[in-house]
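*Asks:* Below is one structure. I have some questions about it.
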Amino acid sequence: MNCPIIDCHCHVYPDKIAEKAVESIGCFYDLDMYYDGKASTLIDHGNEIGVSHYVVFSVATTPHQVHSINSFIAETVKNSNGLMTGLGTLHPDSDDIEGDIEEIIALGLKGVKMHPDFQKFRIDGEKCNKIYALCEGKLPVYLHTGDSRYAYSNPDNMLPVLEKYPALTVIGAHFGGWSCWKEAAQKLHKYKNFYVDCSSSFDWLSPEETLELIRLYTSERVLFGTDYPMWSHKKEYERFNLIELTDEEKENILYKNAMKLFSIEKI
């Protein structure tokens, strides 16, 4: 089956710092990174599997990086000839969360991406409440979720967020809980405002286990993503196609859900 593909999970960096940024991520996870983190490399290798569109972002590890990163993502999108949609970043320690969100909207970015493990905050912490309240009903919030090494974004951290902000659209990367995939699905699948992506999961889950997770969340709330620059586009897509999904389920995951969530009008 051939259908459009939107890669929803792509970290990109300015060319002059890309290799250093990617090296830092590799050290954090003790993994060899597959690509160099440049936007041009993303497109080159996405073409190998027929990616039609990319959702790109980067994460501010300190508050003073927020403006420069959001400006860079907006410029990258502008120069992509319609191939990219961008998400902004926020940092809970910023002195002007409201202004940061206004800038994200003014730049035409379509959501917010945060990484609790890199940014060192609990997603259910008091600092995040203002972010969620301001984004509720306006911008989807895309979060790295899960890691048994930390207590920042595991399923029990996510539960109070979904309970308190039912109109907030939340996307949990890595099936809602990296390294605790099944626990996350059991606890979080009932929340209709909670979506997940399948990135950085196929190395640890069989096609049968992955299918079970998709059926719990339903295909209407799962996104395809490669976690560029971490993994090979070709291998991730091959692994996705090992999952025994219906054509309708594949279409939802590969592009339809992303178009709806990120207001992508044309691919």
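*Asks:* Count the net charge of all other residues whose Cβ sits under 12 Å from the Cβ of residue 169, scoring Lys and Arg as +1 and Asp and Glu as -1.
*Replies:* That sum, taken over residues with Cβ under 12 Å, equals +4.
*Asks:* How large is the helix-only mean residue ellipticity at 222 nm for the chain, computed as the sum of -39500 (n - 2.57) over DSSP H runs with n ≥ 4, divided by its residue count, in deg cm²/dmol to the nearest 500?
*Replies:* Result for the chain: -11000 deg cm²/dmol, rounded to the nearest 500.
*Asks:* So between residue 235 and residue 208, what do we pick up on full extension, going 0.36 nm a residue minus the alpha carbon distance?
*Replies:* Length gained, residue 235 through residue 208: 8.0 nm.
*Asks:* Taking volume of the Cα convex hull per residue in Å³ as the quantity of interest, determine which of (1) 165; (2) 135; (3) 111 was computed from the displayed structure.
*Replies:* Read-out from the structure maps to (3).
*Asks:* While we're on this one: Run down the lysines and flag those whose C-alpha is under 18 Å from the C-alpha of residue 120, throwing out any fewer than 8 positions away in its chain.
*Replies:* Leaving aside lysines fewer than 8 places away in the same chain, those within reach of residue 120 are 130.
*Asks:* Sticking with this structure for a sec: Which FRET efficiency value, to the nearest 0.05, is calculated for residue 20 and residue 150 with the Förster distance at 22 angstrom and r the Cβ-Cβ distance?
*Replies:* 0.40
*Asks:* Then there's this: By average Cβ neighbour count within 10 Å, what is the ranking of 85-93, 60-68 from highest down?
*Replies:* Sorting 85-93, 60-68 by mean packing, highest first, produces 85-93, 60-68.
*Asks:* Size of the dipole of the chain about the Cα centre, Lys and Arg at +1 and Asp and Glu at -1 on the beta carbon, nothing else charged, in debye to 20?
*Replies:* 440 debye
*Asks:* Kindly state, to the nearest 0.05, the FRET efficiency for residue 105 paired with residue 218, given R0 = 41 Å and r defined as their beta-carbon distance.
*Replies:* Computed FRET efficiency for residue 105 and residue 218: 0.90.
*Asks:* While we're looking at this one, here's another question. Sort the following peptides by mean Cβ neighbour count (other Cβ atoms within 10 Å, averaged over residues), highest first: 160-166, 197-203, 232-238.
*Replies:* By packing density, highest mean first, the sequence is 197-203, 232-238, 160-166.
*Asks:* Using a 1.4 angstrom probe, figure out how much accessible area region 1-157 has per residue, in square angstrom, rounded to the nearest whole.
*Replies:* Value for region 1-157: 44 Å² per residue.
*Asks:* Something else: Could you state the number of Å between the C-alpha centres of region 204-224 and region 141-182?
*Replies:* Taking the Cα centre of each part, region 141-182 and region 204-224 sit 16 Å apart.
*Asks:* Sticking with this structure for a sec: Tally up the carbon and sulfur contribution to the accessible surface of the chain as a whole percent, 1.4 Å probe, everything protein left in place.
*Replies:* Reported share for carbon and sulfur atoms: 48 percent.
*Asks:* To the nearest 20 debye, what charge dipole does region 121-267 have about its Cα centre, counting +1 at the Cβ of each Lys and Arg and -1 at the Cβ of each Asp and Glu?
*Replies:* Roughly 520 debye, rounded to the nearest 20.
The values are calculated or read from the model by the stated rules, or taken from the named source; none is laboratory data. What you see is a predicted model, and the numbers here were worked out from it, not measured in a lab. Note that each Cβ is placed from the backbone with ideal geometry, even for glycine, and that neighbours are counted across all protein chains shown. These area figures cover heavy atoms from the full protein model, side chains too; ligands, DNA and RNA do not enter into them. Shrake-Rupley method; radii C 1.70, N 1.55, O 1.52, S 1.80 Å.
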